[in-house]
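One structure below.
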Number of protein chains: 2
Amino acid sequence: MALTIGQVADAADVNIQTIRYYERRGLFPTPRRTPAGYRLYADDAVARLRFIKHAQELGFSLREIQELLGLRVRHGAACDAGERKTRQKIEVVQQRIRDLQRMRRTLDRLAAACTARRPTDDCPILEVLEDHDDISH
Amino acid sequence: MALTIGQVADAADVNIQTIRYYERRGLFPTPRRTPAGYRLYADDAVARLRFIKHAQELGFSLREIQELLGLRVRHGAACDAGERKTRQKIEVVQQRIRDLQRMRRTLDRLAAACTARRPTDDCPILEVLEDHDDISH
DNA sequence: CTTGACCATATACCTTGGTATAAGGTCAAT
DNA sequence: ATTGACCTTATACCAAGGTATATGGTCAAG
């Protein structure tokens, strides 16, 4: 049930150094240690690493991922603040989904034009993602 | 109709150096020049820069963006190859959308639990993005 | 009781994606 | 014909996100 850093690294397919780096950065809680000083992890550490890797692929920075990981439900006033932050994150994610859907539609059109053998030598990919420039950020 | 590098940079809100950097990297075609050697751009250069910036926010590397920008419809055999690449990109984008939707659902549940004042002190954000690990890449 | 595979810390290095700076040419306006 | 705001190339530097390496301790197996 308790994993060494090497076992966690293997399971999540990341470099050992990366885990220690995340610990230093504050993305990973400081784990308990054996008497000899070896780090010991529960297996949710593997899930945490996989979450981080996925979120990175989706364009989130380590700082943003840290915020995402910090979101959880609390009592009272802390709850309101947490809910506000969560709703902000939902907005960000929602916008990112819309952008990707737009890109997907353009790629669809591109593939369709191709099967129809209608050569379009200007760059149609550029049609995508052209508005909402001023609202995002 | 012809823009200097500074005008393009202003319009797209990027650093001038970034445009020259993209040119070196091959993301930007080498522009025509004035007799004095000044770069001259058509205004689609601005669209191209905006596309690059958006795609970066969506988690694409410059190398991937270069491939996206290289996709276009051609005649004959080149068309088939282009179509295959386009369909691959669509798969990547589609998977990314699914991942984000999953993250969104988790954030939704988190926000809902909070309004209902049901404190959940384990980290619920981790529920997200947990399967399909072995199929992606 | 030693060998090999682990673990620890500390420090140096690498890649990606830029940004800044130095040294100088161009050009429109005064 | 000079000033200021542009442009050129070349080179150096920077931040983020790791990765490698040096030096040494731990531990189970033979």
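Looking across the range A:89-101, just one residue is open to solvent by 50 Å² or more (accessible area, probe 1.4 Å) and facing chain B (nearest Cβ under 9 Å), and that is A:Gln101.
Could you count how many residues in the range A:28-47 are more than 9 Å from DNA strand D (Cβ to nearest atom) and not hydrophobic (A, V, I, L, M, F, W, C)? Summing the residues that are more than 9 Å from DNA strand D (Cβ to nearest atom) and not hydrophobic (A, V, I, L, M, F, W, C) in the range A:28-47 gives 9. Take the conditions (1) in contact with a helix residue (DSSP H, G or I) (Cβ under 8 Å, 6 or more places away or on another chain); (2) open to solvent by less than 40 Å² (accessible area, probe 1.4 Å); (3) more than 23 Å from A:His54 (Cα to Cα); (4) within 16 Å of DNA strand C (Cβ to nearest atom); B:Gly82 misses just one of them, which is (4). The set of residues in the range A:16-28 that are more than 12 Å from DNA strand C (Cβ to nearest atom) and open to solvent by 20 Å² or more (accessible area, probe 1.4 Å) comprises A:Arg25, A:Gly26. Looking at this structure, is B:Asp108 open to solvent by 40 Å² or more (accessible area, probe 1.4 Å) and either farther than 18 Å from A:Glu91 by Cα or modelled with pLDDT under 85 (or both)? It is false that B:Asp108 is open to solvent by 40 Å² or more (accessible area, probe 1.4 Å) and either farther than 18 Å from A:Glu91 by Cα or modelled with pLDDT under 85 (or both).
Residue-by-condition table, conditions (1) open to solvent by less than 40 Å² (accessible area, probe 1.4 Å); (2) without any contact (Cβ under 8 Å) to a residue 24 or more places away in the chain:
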residue	(1), (2)
A:Asp10	no, yes
A:Val14	yes, no
A:Thr30	no, yes
A:Ala42	no, no
A:Ala47	yes, yes
A:Arg50	no, no
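The single residue among A:Arg25, A:Arg50, A:Arg63, A:Arg20 that is under 13 Å from the mean Cα position of the chain (by Cα) and within 8 Å of DNA strand D (Cβ to nearest atom) turns out to be A:Arg63.
Rundown of residues vs (1) of a type outside the set (S, T, N, Q); (2) at pLDDT below 95; (3) in the same structural domain as B:Gln101 (by TED's automatic domain parsing); (4) closer than 18 Å to A:Leu100 by Cβ, yes/no style:
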{"position": "B:Met1", "(1), (2), (3), (4)": "yes, yes, no, no"}
{"position": "B:Gln7", "(1), (2), (3), (4)": "no, no, no, no"}
{"position": "B:Asp13", "(1), (2), (3), (4)": "yes, no, no, no"}
{"position": "B:Tyr21", "(1), (2), (3), (4)": "yes, no, no, no"}
{"position": "B:Arg25", "(1), (2), (3), (4)": "yes, no, no, no"}
{"position": "B:Arg32", "(1), (2), (3), (4)": "yes, no, no, no"}
{"position": "B:Pro35", "(1), (2), (3), (4)": "yes, no, no, no"}
{"position": "B:Arg48", "(1), (2), (3), (4)": "yes, yes, no, no"}
{"position": "B:Ala78", "(1), (2), (3), (4)": "yes, yes, yes, no"}
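Among the residues of the range A:60-76, is any outside the structural domain of A:Arg98 (by TED's automatic domain parsing), open to solvent by 20 Å² or more (accessible area, probe 1.4 Å) and within 15 Å of DNA strand C (Cβ to nearest atom)? Yes, the conditions are met somewhere in the range A:60-76.
In the range B:5-57, how many are in contact with a Phe, Trp or Tyr (Cβ under 6 Å, 6 or more places away or on another chain) and not in a helix (DSSP H, G or I)? Selection size over the range B:5-57: 2.
The values are calculated or read from the model by the stated rules, or taken from the named source; none is laboratory data. The structure displayed is predicted, hence computed values, not measured ones. So basically every Cβ, Gly included, is an ideal-geometry build from the backbone, and we count neighbours across all protein chains shown. For accessibility, only protein heavy atoms count, side chains too; no ligands or nucleic acids. Shrake-Rupley method; radii C 1.70, N 1.55, O 1.52, S 1.80 Å.
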